[in-house]
1. Look through Val66, Val61 and report the one residue that is of a type in the set (A, V, I, L, M), assigned to a loop (DSSP other than H, G, I, E, B) and surrounded by fewer than 21 Cβ atoms within 10 Å (Cβ to Cβ).
2. Would you please name the residue that is farthest from the chain's Cα centre (by Cα), looking only at residues in the range 142-172 that are over 21 Å from Asp82 (Cβ atoms), surrounded by 14 or more Cβ atoms within 10 Å (Cβ to Cβ) and not charged (D, E, K, R)?
3. As an exercise: evaluate Arg102 against (1) at positive phi; (2) modelled with pLDDT under 85 and give the number of the one condition it does not meet.
4. Checking Arg144 against (1) within 19 Å of Leu37 (Cα to Cα); (2) modelled with pLDDT of 85 or more: exactly one of these is not met. Which one?
5. Quick one: in the range 22-58, of everything that is outside any helix (DSSP H, G or I) and among the hydrophobic types (A, V, I, L, M, F, W, C), which residue is nearest to Ala140 (Cα to Cα)?
6. When the residues of the range 50-71 are narrowed to those that are of a type outside the set (A, V, I, L, M, F, W, C) and in contact (Cβ under 8 Å) with a residue 60 or more places away in the chain, which ends up farthest from Ala128 (Cα to Cα)?
7. Filter the range 151-170 down to the residues that are in contact with a helix residue (DSSP H, G or I) (Cβ under 8 Å, 6 or more places away or on another chain) and among the acidic types (Asp, Glu) and list them by number.
8. Is it true that Arg134 is at pLDDT below 90 and over 14 Å from the mean Cα position of the chain (by Cα)?
Amino acid sequence: MNALHTLYIVRHPLRVSRYGAHTSLSSAERVEIIDALSDSCTTGVKILTQLKQARQQMENVSFLPVKQLLHRLVKANIDYVDFLILRITDLGGYAEAETLHRLYDVRDTKCFPECIQGIHLETERLFALDALLRDCYERAIAHRDTASEQFFKACVQQNKLFISLIEDNLLNDWPL
């Protein structure tokens, strides 16, 4: 019995969160946040797919600033999805970037305006996450939960940065 228990511990080591929010939040709160972050991660991958398709449409165009912009947005999007995946695992959830990318790797091509419209629709979904994260951040401050406060502050900042990057560089330049 003892050997099996030791084997279980070795095969499934305890994960320590960077922020400690995995111990300060209740299980119900963690599940809610993991679900929201997972939905956002999926949304981020969908935006990434749209950005890659838009970049593919601009492949033959010699307008270098647009190509550079799309390249920067793809890189920022990958960083955002990786950030979300780390936060999901910090709370005890499971997410894998490679699997998500394969799920939304669409082979059909869309024209550039359709890609921009798809990005716009997915960005609106990120605003819902922003409201939830801000609410959780304010609750953490009210409860004086510093671990959760740091966790949600980092999430709010990263989400805001990504949304503003898309809005300022892509959606405001090509209004729908």
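1. Numbers: Val66 fails: assigned to a loop (DSSP other than H, G, I, E, B).
None of the others qualify; the one that does is Val61.
2. Among them, the one singled out is Thr146.
3. Here Arg102 meets the rest and fails (1).
4. All conditions are met except number (1).
5. Checking each candidate, the answer is Leu25.
6. So in the range 50-71, the residues of a type outside the set (A, V, I, L, M, F, W, C) come out as 50, 52-53, 55-57, 59-60, 62, 65, 67-68, 71.
Retained after the next criterion (residues that are in contact (Cβ under 8 Å) with a residue 60 or more places away in the chain): 50, 53.
Values: Gln50: 20, Gln53: 25 Å.
Taking the candidates together, the pick is Gln53.
7. Glu167
8. No; evaluated as a whole, the condition is false for this residue.
The values are calculated or read from the model by the stated rules, or taken from the named source; none is laboratory data. Keep in mind the model is a prediction, meaning the values are calculated, not measured. We place every Cβ from the backbone using ideal geometry, glycine too, and count neighbours over all the protein chains shown.
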